[in-house]
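J.: Take a look at the following structure, please.
The values are calculated or read from the model by the stated rules, or taken from the named source; none is laboratory data. All values reported here derive from a predicted model rather than from experimental measurement. Every residue, glycine as well, gets a Cβ built from its backbone with ideal geometry; the counts of neighbours run over all protein chains shown.
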Amino acid sequence: MNITGSRITSFLSSPHHDIIGILLYGPDRGLVKERGKVLAKAYSLNVDDIFGPTVLTSDDLIMDPGKLDDEISALSMFGGTRVIRLRLDHERSGVAISKIIKKYDSNPKMAEARLIVEAGELTKRSVIRKTFEASARFGSIACYNLSTSDVVSLIKSRFDDLSINIGKNALQYWAPLIEGDLALINSEVEKMAVYMGYGEKKGRNITIEDIKKVAAGGQDITIPDVIMNTMSGNLLEADSFFYRGIKGKLNSAIILRGLQNYLVRLIQAKTHINNGESPESAISALRPPIFYMHKSTFLNHLKIWPLSTLHKALSQSLIVEQNLKTAGAPQEAIMGRLLIALSSYSKRRS
């Protein structure tokens, strides 16, 4: 069973009693962990004490292949629902796990516990993912990275709850710096809340200057510094900002995600222009809106980059994304080559 869309929220808050286990997977490991915690609490009220969930890892199943089967079938010593949280870092036990899932899918009355599997990205060829999706008594939920607009809404909601104000310009500046992982977003919001005194002083507003002082990636080099110079053809500046950012708190995957989001926004605006709209009208239609300090640069990029080339650049960035996920890959070199290629193209067109 594949649980998607609006069904995810309702299921997490009140999981169906006939569902034995759920696979949570995707690139946002922070969201995977958060949803796992929510689901465990929904299954059992004692998730934080010593008789709470049984936690297993991929390596536990390598050392003891029968461990998962034993845990699912074991009776609870104190009544109630037992919860098993299996944290997968690899799929070397994928076939064995698949057989266990099929066993309890066919004989659900044998299951005495509820299973929550937490994993990273799994392709459609993943034997574990395919088994969960094909089962009637097990389900899967994909945990993808939040979009910039989702991050903006989440940040504002968290600060509204704390009676802390944050302006539109500050939101637009901050969201691209922390999007991509819910754990990072939660950590950064908490850090800013502490800095702002949890709203005890009324009337305080979070400004761009506050973000530059406190937020990860807000100091010195930011993701937009790298992206704007790359897309403008400023080769030396882009290269310098990239490696200075890497030496700081940025990493290649986060920069790549920011670049992909920017390319998508350029494609959206360029499509509107090709359909007869003015550049200003195309930009005003984008949500969230373009940060006001970047508007003139964005307009220039629309002039430099043809729509077909933007699509090619986005396709190449997806190949780079897969290469970055290869174990032992030289991430800085891979990302650096992409930035040089894009910057060189833009320089020729400028």
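J.: Only one of these conditions is not met by GLY94: (1) surrounded by fewer than 21 Cβ atoms within 10 Å (Cβ to Cβ); (2) touching a helix residue (DSSP H, G or I) at 6+ places or on another chain (Cβ under 8 Å); (3) at pLDDT below 90. Which number is it?
T.: Here GLY94 meets the rest and fails (3).
J.: Next question, about the same structure. In this structure, does TYR195 turn out to be closer than 19 Å to LEU31 by Cβ, of a type in the set (Ser, Thr, Tyr) and touching a residue at least 12 places away in the same chain (Cβ under 8 Å)?
T.: no
J.: Read through the list (1) in contact with a strand residue (DSSP E or B) (Cβ under 8 Å, 6 or more places away or on another chain); (2) under 21 Å from ARG7 (Cβ atoms); (3) surrounded by fewer than 16 Cβ atoms within 10 Å (Cβ to Cβ), then give the number of the only condition that ALA119 fails.
T.: If we test ALA119 against (1) in contact with a strand residue (DSSP E or B) (Cβ under 8 Å, 6 or more places away or on another chain); (2) under 21 Å from ARG7 (Cβ atoms); (3) surrounded by fewer than 16 Cβ atoms within 10 Å (Cβ to Cβ), just (3) comes out false.
Residue-by-condition table, conditions (1) among the hydroxyl-bearing types (Ser, Thr, Tyr); (2) within 20 Å of PRO15 (Cα to Cα):
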| residue | (1), (2) |
| --- | --- |
| LEU75 | no, no |
| THR81 | yes, yes |
| ILE84 | no, yes |
| ALA96 | no, no |
| ILE116 | no, yes |
| LYS124 | no, no |
| ILE128 | no, no |
| PHE138 | no, yes |
| CYS143 | no, yes |
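J.: Out of everything in segment 97-128 that is of a type in the set (Asp, Glu) and more than 16 Å from GLU71 (Cα to Cα), what residue ends up being modelled with the highest pLDDT?
T.: Going through the qualifying residues, I end up with GLU118.
J.: Restricting attention to segment 56-91, and to residues there that are aliphatic (A, V, I, L, M) and at pLDDT below 90, which single residue is nearest to THR123 (Cα to Cα)?
T.: ALA74
J.: Continuing with this model, one more query. Of all residues being surrounded by fewer than 17 Cβ atoms within 10 Å (Cβ to Cβ) and of a type in the set (Asp, Glu) in segment 180-235, which is modelled with the lowest pLDDT? Just the residue, please.
T.: The selected residue is ASP220.
J.: Scan segment 295-329 residue by residue and report those that are surrounded by 15 or more Cβ atoms within 10 Å (Cβ to Cβ) and among the hydroxyl-bearing types (Ser, Thr, Tyr).
T.: Of everything in segment 295-329, those that are surrounded by 15 or more Cβ atoms within 10 Å (Cβ to Cβ) and among the hydroxyl-bearing types (Ser, Thr, Tyr) turn out to be THR297, THR309, SER317.
J.: Hey, another quick one. Could you list, in sequence order, the residues of segment 330-348 that are under 23 Å from PRO27 (Cβ atoms), of a type in the set (A, V, I, L, M) and surrounded by 14 or more Cβ atoms within 10 Å (Cβ to Cβ)?
T.: Residues satisfying the conditions are ILE334, MET335, LEU338, LEU339, LEU342.
J.: What helices (runs of 4 or more DSSP H) lie completely within segment 53-106 and have 3 or more residues being of a type outside the set (Gly, Ala, Ser) and under 11 Å from ILE128 (Cβ atoms)?
T.: Counting at least 3 such residues, we get 94-106.
J.: Now for a different question. Output yes when any residue across segment 99-106 is within 17 Å of ILE19 (Cα to Cα), in contact with a Pro (Cβ under 9 Å, 6 or more places away or on another chain) and outside the structural domain of ARG287 (by TED's automatic domain parsing), and no when none is.
T.: no
J.: From the residues in segment 249-285 that are within 21 Å of the chain's Cα centre (by Cα) and assigned to a loop (DSSP other than H, G, I, E, B), which one is nearest to ILE223 (Cα to Cα)?
T.: Selected residue: LEU250.
J.: Let me ask you something else. What single numbered condition from (1) crowded, with 19+ Cβ neighbours inside 10 Å; (2) closer than 22 Å to ILE19 by Cβ fails to hold for LEU146?
T.: The failed condition is (2).
J.: When you scan segment 143-183, how many residues do you find that are farther than 30 Å from ARG129 by Cα and not in a helix (DSSP H, G or I)?
T.: Number of matching residues: 6.
J.: Do you know which residues across segment 56-74 are closer than 13 Å to LEU86 by Cα, hydrophobic (A, V, I, L, M, F, W, C) and exposed (fewer than 14 other Cβ atoms within 10 Å of the Cβ)?
T.: ILE62, the sole residue that qualifies.
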